[in-house]
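Working notes for the structure below.
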Amino acid sequence: MIKDFDTLMITSGPVPAFVPTPACRRRSAVAHPDFAGALGAGAPEWAAIAGSPEFIRFRRARRRLALACLVPFAALFFALPIMTAMTEVLSEAVAGSLTWAYLWAFALFVVGWIVSGIYGRRAARLDALAIDAVHSVGDQR
């Protein structure tokens, strides 16, 4: 039986062999270098951080960003099969055998790259909010 979730079970016969999770996948209590100095020595007080107004602001900003990136892409993504199944608009040829459906599918790749670039740039700014939340709890100590 697996006694903890840090162990991976590999069955190569009647007797299971247990292999520990690689050390690179284990996370320390302090994941970011800026967090280590924020709280001083010892483990961070995650409950205090999660309840801080700065962390709540961080979570709201992160949720807004995720939805702002997800909704337009999901709308374009799910519109392709719906429009293909219910209309003949995307079946029309643009040039030769190239149809609007092919152009729409290619545009999804372009939109995906754009959305991921926007998300990456804005998510990097969110790091400052997370660090502020940790610093605020560290300052209260």
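The values are calculated or read from the model by the stated rules, or taken from the named source; none is laboratory data. Note that the structure is predicted; figures quoted are calculated from it, not measured. Note that each Cβ is placed from the backbone with ideal geometry, even for glycine, and that neighbours are counted across all protein chains shown.
In the set (1) touching a residue at least 60 places away in the same chain (Cβ under 8 Å); (2) not in a helix (DSSP H, G or I), residue 94 fails one condition alone, (1). Of all the numbered requirements in (1) farther than 27 Å from residue 123 by Cβ; (2) hydrophobic (A, V, I, L, M, F, W, C); (3) surrounded by 15 or more Cβ atoms within 10 Å (Cβ to Cβ), residue 55 misses one, and that requirement is (1). Scan region 113-140 for residues that are over 14 Å from the mean Cα position of the chain (by Cα) and of a type outside the set (Ser, Thr, Tyr) and the total you get is 15. Among residues of region 38-53 that are at pLDDT 80 or above, those with a Cβ under 7 angstrom from a residue that is β-branched (Val, Ile, Thr), sequence gap 6+ or separate chain, pair up as 48/137; 49/134; 49/137; 52/137.
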